[in-house]
1. Scan the stretch 75-86 and give yes if some residue there is part of a loop (DSSP other than H, G, I, E, B), of a type outside the set (S, T, N, Q) and either at pLDDT 85 or above or exposed (fewer than 11 other Cβ atoms within 10 Å of the Cβ) (or both), otherwise no.
2. Considering each residue of the stretch 4-18, count those that are in a loop (DSSP other than H, G, I, E, B) and within 17 Å of the chain's Cα centre (by Cα), and give that number.
3. If you go through the stretch 51-70, how many residues are open to solvent by less than 30 Å² (accessible area, probe 1.4 Å) and not small (Gly, Ala, Ser)?
4. Considering every residue within the stretch 19-42, establish whether at least one is β-branched (Val, Ile, Thr), assigned to a loop (DSSP other than H, G, I, E, B) and open to solvent by 100 Å² or more (accessible area, probe 1.4 Å).
Amino acid sequence: MLEPGKEYYTAFAQMLVELKPIQKAKRGHNWAYAAIDDIWQVILPILSTHGFTIESSRKYIGTQMFLRTCLIHTDSLQGIEDVSPLMAYTNAQYDDQEAGENVTYQRR
């Protein structure tokens, strides 16, 4: 389990200064949103400059599917993680296309 500490928070505070709003250039379902590729293009260089990486993976807890996302400070190996449910997917009710769309939505 990841735990944030002094090194994490120091680097995170320095990184926050560089983060700016990302343009919502995509339209769908009567609202605008930022495409996942646009988000990565903006944030990955900033994360890297401050020694951070993001890791995400699908995982099951019981029969429920979740998206586990970690923000890790690579120098100190400190970080935080979030586990978000992916709709109502279970081992028995799995559709690759819908699950992929759901993961992309959660990552944004």
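The values are calculated or read from the model by the stated rules, or taken from the named source; none is laboratory data. Just so it is clear, the structure is predicted and the values come from calculations on it, not from any experiment. Methodologically, a virtual Cβ is constructed for each residue, glycine included, from the backbone with ideal geometry; neighbour enumeration extends over all protein chains shown. To get the accessible areas, we keep the full protein, side chains included, count just its heavy atoms, and leave off ligands, DNA and RNA. Shrake-Rupley method; radii C 1.70, N 1.55, O 1.52, S 1.80 Å.
1. Just the residues of the stretch 75-86 that are part of a loop (DSSP other than H, G, I, E, B), to begin with: 75-77.
So of that shortlist, the ones also of a type outside the set (S, T, N, Q) come out as 75, 77.
With either at pLDDT 85 or above or exposed (fewer than 11 other Cβ atoms within 10 Å of the Cβ) (or both) added as a condition, the list becomes 75, 77.
Yes: the stretch 75-86 contains one or more residues that are part of a loop (DSSP other than H, G, I, E, B), of a type outside the set (S, T, N, Q) and either at pLDDT 85 or above or exposed (fewer than 11 other Cβ atoms within 10 Å of the Cβ) (or both).
2. At the first step, the residues of the stretch 4-18 found to be in a loop (DSSP other than H, G, I, E, B) are 4-5, 17-18.
Cutting the leftovers down to within 17 Å of the chain's Cα centre (by Cα) gives us 4.
Residues that pass the stated criteria total 1.
3. Applying the first criterion (open to solvent by less than 30 Å² (accessible area, probe 1.4 Å)) to the stretch 51-70 yields 51-52, 65, 67, 70.
After this cut, where a residue has to be not small (Gly, Ala, Ser) as well, the list is 52, 65, 67, 70.
Qualifying residue count for the region: 4.
4. Restricting attention to the stretch 19-42, the residues satisfying the condition of being β-branched (Val, Ile, Thr) are 22, 36, 39, 42.
Okay, now just the ones that are also assigned to a loop (DSSP other than H, G, I, E, B), so 22.
Applying the additional criterion that residues be open to solvent by 100 Å² or more (accessible area, probe 1.4 Å) yields none.
No, every residue in the stretch 19-42 fails to be β-branched (Val, Ile, Thr), assigned to a loop (DSSP other than H, G, I, E, B) and open to solvent by 100 Å² or more (accessible area, probe 1.4 Å).
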